[in-house]
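Remarks on the structure that follows.
The values are calculated or read from the model by the stated rules, or taken from the named source; none is laboratory data. Computed from a prediction, not measured in an experiment: that's the story for all the values here. A quick note on method: Cβ atoms are made from the backbone with ideal geometry, for glycine too, and the neighbour counts reach across all protein chains shown. Just so you know, the surface numbers come from the protein's heavy atoms only, side chains and all, with ligands and any DNA or RNA stripped out. Shrake-Rupley method; radii C 1.70, N 1.55, O 1.52, S 1.80 Å.
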Amino acid sequence: MAQQSDAPPGVSYVMPVLNEVDHIEAAVDSLIAQDYEGPFEVVLALGPSVDGTNDVIAAMAAIDPRIRRIPNELGSTPGGLNAAIRASTHPVVVRVDAHSVLPPDYTRIAVATLLATGADNVGGIMKAVGDTPFEKAVAHAYGSPEGLGGTQHHVGGKAGPADTAYLGVFRRDRLVEVGLFDEGIKRGQDWELNRRLRATGGTVWFTPELTVVYRPRSSLRKLIRQFVATGMWRGELARRFGTANSLRYFVPPAAVLGIVATLILGIVGLVAGVPLLALAFVVPALYLLVVIAASVRAASGGIVTGLWYLIVLPCIHFGWGIGFLLGFLKLTRNITERTGR
């Protein structure tokens, strides 16, 4: 990404879009409203939406020629990202999600960090924000230690090299060099791409200066589907790449196995009249207490939010954990169909 002058490099925002009528306008508007002084384009890879999403995008593109539409023939997230990257024209690629809203200074800070650090990819914090009590409960789980672990791209931390990054602002030449996103990986493709960037001598950089608003799933059904699919793919990636995976990815499946096993032992102990086995109920009871205590803290955002948390937190844990086991043990018939939408 050589600079020929002091002018800021051009930026291509790339976004795969499928059935996002409730979020797409806010997401695209946040790109148009960036305070970045360099040239830019918005490349949207459109899947076969059935909810009117593509009509909304057509109306926006008719007003602003910087919004470009291309077909996402594969219909998947990595397929759409790759199609958009190939159609892009600028040396900096900013990955955007239809559920995300970028603050006005996002691109300016990200590109400055990219140039200052020499990194291949720069990312920041995913700040989950919900509107309804259910969404607020999910958002709380995203940023809590008992939810998604309190990792730096959810709660913040010190700037520096990282294993992966949320969304990502990339040097286009490096994306092309490592082969873009793996289109066979439907979830977790960010982590896998960043693994290749690091393996070829590159740097993935985290900075807490970047914060992106993320809109959680709006229903329990969608949430469960999302986390089961995420867990399946994490299990698949853990099996494929072994030691490249952090130990924290193995905590949910281990917890699920432990809770289910001790629950079964406790039931056997009651039925067989073996008090020692019945003591196994202590483990699921402790888990229940943790969930209740966490829900009390979540209730600071409203009583209904706290009540939803009693359901949301176990659904995240068990959905992710069971999905991981299915993916790791290759117990799912066709994992490539699992996108979590």
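Any residue at all in the stretch 188-205 that's at pLDDT below 90 and not aromatic (Phe, Trp, Tyr)? Looking for residues that are at pLDDT below 90 and not aromatic (Phe, Trp, Tyr), one finds at least one in the stretch 188-205, hence yes.
Just wondering, is there one or more residues in the stretch 27-37 that are free of Cβ contacts under 8 Å to residues at least 40 places away in the same chain and crowded, with 18+ Cβ neighbours inside 10 Å? Yes, because at least one residue in the stretch 27-37 is free of Cβ contacts under 8 Å to residues at least 40 places away in the same chain and crowded, with 18+ Cβ neighbours inside 10 Å. Scanning the stretch 214-240 for residues that are over 18 Å from Thr332 (Cβ atoms) and open to solvent by 40 Å² or more (accessible area, probe 1.4 Å) gives Arg215, Ser218, Leu220, Arg221, Lys222.
Taking residues in the stretch 194-210 that are without any contact (Cβ under 8 Å) to a residue 40 or more places away in the chain, and partners anywhere that are in a helix (DSSP H, G or I) and among the acidic types (Asp, Glu), not one pair has Cβ atoms closer than 6 Å while being at least 6 places apart or on different chains. Got at least one residue in the stretch 273-287 being open to solvent by 60 Å² or more (accessible area, probe 1.4 Å) and in contact (Cβ under 8 Å) with a residue 40 or more places away in the chain? No - not one qualifying residue is present in the stretch 273-287. Restricting attention to the stretch 199-213, the residues being more than 17 Å from His140 (Cα to Cα), β-branched (Val, Ile, Thr) and either open to solvent by less than 60 Å² (accessible area, probe 1.4 Å) or touching a strand residue (DSSP E or B) at 6+ places or on another chain (Cβ under 7 Å) (or both) number 3. On the stretch given as the stretch 186-198, residues that are farther than 18 Å from Thr77 by Cα and open to solvent by less than 40 Å² (accessible area, probe 1.4 Å) total 1. Residues of the stretch 1-17 that are buried (at least 20 other Cβ atoms within 10 Å of the Cβ), touching an Asp or Glu at 6+ places or on another chain (Cβ under 9 Å) and among the aliphatic types (A, V, I, L, M): Val11, Met15.
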